[in-house]
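A short write-up of the structure that comes next.
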Amino acid sequence: MDNISDRNITGIHHITAISASAQENLDFYSGILGMRLIKKTVNFDDPGVYHLYFADYKGTPGGVLTFFPYEGVQKGRKGAGMVNTISFSVPSDSLSYWESRLDRHGIYRKEVQTRLGDERYLYFEDNDGLGLELVFNDNDNREGWKGGTVPEEFTIRGFFGATIWHNGGEETVSLLTGAMDHKLTISDGKRKRYAAKDEPGAYLDLVTVNDLDHGAGGSGTVHHIAFRTADTKNQDIVREKVSELDLYATRVIDRQYFKSVYFREPGGVLFEIATDGPGFTVDEDLDSLGTSLMLPPQYEDRRSEIEQLLPGISIS
Ligand code: ZN
């Protein structure tokens, strides 16, 4: 399967994590990281909780980070069977800009490190302790959000990838390289990088950790990672292949902005396969994305009740 057009999965679609405070979440990702809030909606399975989407201008798959902010929820714990780090792609020459920006805002960070040859990255964490990285590279043609708080030349271009701490089981690898169209792109032994497409926005690193406890959900942890597929036809093929591996895959669920199938991979991470369309302009104009509370049709008649449940938040 060397031709990308033969692949049903083409990279990461979005990543969804849990935070404790909606306002702090907004202040961090919009205010400090300079991402665009492209959708303010609710958790479709729990409409008393927000679902906030941060991305580039229009919410291009491969750069959409979303949160369920559960006010005051307990902190989670990093561990095996979880996505523990989300990596953003930024230009190489933005390094000193980001170091001083994170420092100026008092963000916990480590020094710049190097891995897999000459890949430079900077590890930091949000207020809830969610593991984040900036990966400095010049292999990314995507545009960042120009209307945000970060100068255009330094903006986040989207995801670089994500890292799963993995206890070594071969089933996860077989799933990725079989039903999910990934290939091993590079490895240093401990870190193995898989991708459906060898470019930023598609990298999934498995870091082998032995004898590490499973992580625990809570604020500062990833709830699930979604992989992108062109349409429901491709999605059906993946769903079929996953089901043949005796993994329970849900029916196709309408998430308003994409259609989704979920299953838990053998190592414990919740995976989603999400369609590229219809996208985030299905209920709002491109220019006004994220400015109003958007509810899916099934909750529209409960709007006033839901608005009372949600804390007021605003972009400062
Ligand atoms: Zn999702």
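So A249 passes all but one of these: (1) more than 15 Å from Y50 (Cβ to Cβ); (2) touching a residue at least 60 places away in the same chain (Cβ under 8 Å). Which condition number does it fail? With (1) more than 15 Å from Y50 (Cβ to Cβ); (2) touching a residue at least 60 places away in the same chain (Cβ under 8 Å) applied to A249, the lone miss is (2). Restricted to strands (runs of 3 or more DSSP E) entirely inside segment 104-162, those with at least 3 residues that are surrounded by 12 or more Cβ atoms within 10 Å (Cβ to Cβ) are 119-125, 131-136.
When you look at D301, is it of a type outside the set (S, T, Y), away from the ligand (no atom under 14 Å from the Cβ) and in a helix (DSSP H, G or I), yes or no?
Yes.
Y97 - would you say it is modelled with pLDDT of 95 or more, over 22 Å from L270 (Cα atoms) and touching a strand residue (DSSP E or B) at 6+ places or on another chain (Cβ under 6 Å)? Against the criterion (modelled with pLDDT of 95 or more, over 22 Å from L270 (Cα atoms) and touching a strand residue (DSSP E or B) at 6+ places or on another chain (Cβ under 6 Å)), Y97 does not qualify.
Can you tell me which residues in segment 202-224 are within 16 Å of the ligand (Cβ to nearest atom) and of a type outside the set (S, T, Y)?
Within segment 202-224, the subset within 16 Å of the ligand (Cβ to nearest atom) is 204, 217, 221-224.
Of everything in segment 202-224, those that are within 16 Å of the ligand (Cβ to nearest atom) and of a type outside the set (S, T, Y) turn out to be L204, G217, V222, H223, H224.
Residues that are part of a helix (DSSP H, G or I), within 16 Å of the chain's Cα centre (by Cα), modelled with pLDDT of 95 or more and not aliphatic (A, V, I, L, M) are absent from segment 80-93 altogether. Scanning for something touching a Lys or Arg at 6+ places or on another chain (Cβ under 7 Å), part of a strand (DSSP E or B) and of a type in the set (D, E, K, R), does segment 250-271 turn up at least one residue? Within segment 250-271, not a single residue is touching a Lys or Arg at 6+ places or on another chain (Cβ under 7 Å), part of a strand (DSSP E or B) and of a type in the set (D, E, K, R). Of all the listed residues (L65, L95), the sole one being within 18 Å of I315 (Cβ to Cβ) and either surrounded by fewer than 21 Cβ atoms within 10 Å (Cβ to Cβ) or touching a Phe, Trp or Tyr at 6+ places or on another chain (Cβ under 7 Å) (or both) is L65. Do you know which residues across segment 225-248 are within 15 Å of the ligand (Cβ to nearest atom) and not in a helix (DSSP H, G or I)? Correct list: I225, A226, F227, R228, T229.
Which of the following residues is exposed (fewer than 14 other Cβ atoms within 10 Å of the Cβ) and within 16 Å of the ligand (Cβ to nearest atom): R264, R251? Residue meeting the stated conditions: R251.
Would segment 17-26 turn up any residue that is at pLDDT 95 or above and touching a helix residue (DSSP H, G or I) at 6+ places or on another chain (Cβ under 8 Å)?
To start, the set of residues in segment 17-26 that are at pLDDT 95 or above comprises 17-26.
Of the ones still in play, those that are also touching a helix residue (DSSP H, G or I) at 6+ places or on another chain (Cβ under 8 Å) are 19.
Yes, segment 17-26 has at least one match.
Of the conditions (1) within 16 Å of the chain's Cα centre (by Cα); (2) part of a loop (DSSP other than H, G, I, E, B), D211 clears all except one; give me its number. It fails just one condition, (1).
Restricting to segment 36-53, count the residues that are among the charged types (D, E, K, R) and in contact (Cβ under 8 Å) with a residue 60 or more places away in the chain. Break it down into steps so the answer makes sense when it comes.
If we filter segment 36-53 for residues that are among the charged types (D, E, K, R), which is where we start, we get 36, 39-40, 45-46.
The next check asks that each one be in contact (Cβ under 8 Å) with a residue 60 or more places away in the chain; those that pass are 36, 39-40.
Selection size over segment 36-53: 3.
Residues that are small (G, A, S) and more than 27 Å from D213 (Cα to Cα) were ranked within segment 267-288; the one that is farthest from the ligand (Cβ to nearest atom) is S288.
Every residue, every condition in (1) within 14 Å of the ligand (Cβ to nearest atom); (2) out of contact with any His (no Cβ under 6 Å at 6 or more places or on another chain); (3) of a type in the set (F, W, Y); (4) in contact (Cβ under 8 Å) with a residue 40 or more places away in the chain, yes or no:
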position: H14; (1), (2), (3), (4): yes, yes, no, yes
position: S19; (1), (2), (3), (4): no, yes, no, yes
position: A22; (1), (2), (3), (4): no, yes, no, yes
position: G34; (1), (2), (3), (4): no, yes, no, yes
position: A55; (1), (2), (3), (4): yes, yes, no, yes
position: V73; (1), (2), (3), (4): no, yes, no, yes
position: V112; (1), (2), (3), (4): no, yes, no, no
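Exactly one residue out of G48, G31, G72 is in a strand (DSSP E or B) and surrounded by fewer than 20 Cβ atoms within 10 Å (Cβ to Cβ), and it is G48.
The values are calculated or read from the model by the stated rules, or taken from the named source; none is laboratory data. Note that the structure is a prediction, hence the values are computed from the model and not measured. Virtual Cβ from ideal backbone geometry, glycine too; neighbours counted across all protein chains shown.
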